[in-house]
Amino acid sequence: TARATARATAPQEAGPVRAGICNTRGLTGRELPRITSGTRGCGVEAPVSVTAVQGIPLSRPATLGCDVAVAFDRWVRDQMLPAVGNRGGGVAQIRIIGDYSCRTRNNRPGARISEHGRGRAIDFAGYRLANGDVVTVQGDWDRGRNGRALARMYAGACGIFGTTLSPNSDRYHQDHFHFDVASYRSGPYCR
């Protein structure tokens, strides 16, 4: 029938929100249909929309491939949470400002496609504590106790991710840490 045909050719819908996406207990979110693009080099074969990591909600859902989602879960569990500890009642929200976006590196014309365009990168801007205090990369990097915690969690990202960029790397990363899972013959790129 016409109705059955329409259903068969409609794009696959996103799955339900559930814990354990990407076969990783600490990731909550939903599976998404394949992302394709007319721009060469962009798209994600098996994307997910991550809504929480280690039980902590993200400021907004992050569309990612499982490789970077699993690495981010590991970083939150092994680096971020120990660096923050119980300060302010612990982390209540993780602030994300970048995930899948079909664009060039640093949005520069003629540059190579960013790892964001492949769903292989995430940009972390800070976190909110249970007591309401907000810690941001832009406001707290290199400043006091929160700056020391941010420096510790940033240093711990090198090796979990293929690329880690801090506010010290360039003018494009003043307000966040960029993490991606690019692979380099020389090993992780940490700047």
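The values are calculated or read from the model by the stated rules, or taken from the named source; none is laboratory data. Quantities reported herein were computed from a predicted structural model and do not represent experimental measurements. Methodologically, a virtual Cβ is constructed for each residue, glycine included, from the backbone with ideal geometry; neighbour enumeration extends over all protein chains shown. The protein model used for the area step is the full one, side chains on, heavy atoms only, and it has no ligands, DNA or RNA in it. Shrake-Rupley method; radii C 1.70, N 1.55, O 1.52, S 1.80 Å.
Based on what the data block shows, is Ser101 modelled with pLDDT of 95 or more, part of a loop (DSSP other than H, G, I, E, B) and surrounded by fewer than 18 Cβ atoms within 10 Å (Cβ to Cβ)?
Details: modelled with pLDDT of 95 or more: yes; part of a loop (DSSP other than H, G, I, E, B): yes; surrounded by fewer than 18 Cβ atoms within 10 Å (Cβ to Cβ): yes.
Yes; evaluated as a whole, the condition is true for this residue.
Each residue in the range 105-129 was checked for being on the phi < 0 side of the Ramachandran plot and either surrounded by 23 or more Cβ atoms within 10 Å (Cβ to Cβ) or outside any strand (DSSP E or B) (or both), and 15 pass. When the range 12-53 is filtered for residues that are under 12 Å from Tyr100 (Cβ atoms), open to solvent by 20 Å² or more (accessible area, probe 1.4 Å) and not in a loop (DSSP other than H, G, I, E, B), only Ile35 remains.
For the residues Asp123, Asp180, Asp175, the requirement of being within 18 Å of Gln79 (Cα to Cα) and in contact (Cβ under 8 Å) with a residue 60 or more places away in the chain singles out Asp180. Residues that are assigned to a strand (DSSP E or B) and over 20 Å from Asn107 (Cβ atoms) within the range 142-191 comprise Cys158, Phe161, Cys190, listed in sequence order. Scan the range 60-90 for residues that are touching a residue at least 40 places away in the same chain (Cβ under 8 Å) and either in contact with a strand residue (DSSP E or B) (Cβ under 9 Å, 6 or more places away or on another chain) or within 13 Å of Thr28 (Cα to Cα) (or both) and the total you get is 20.
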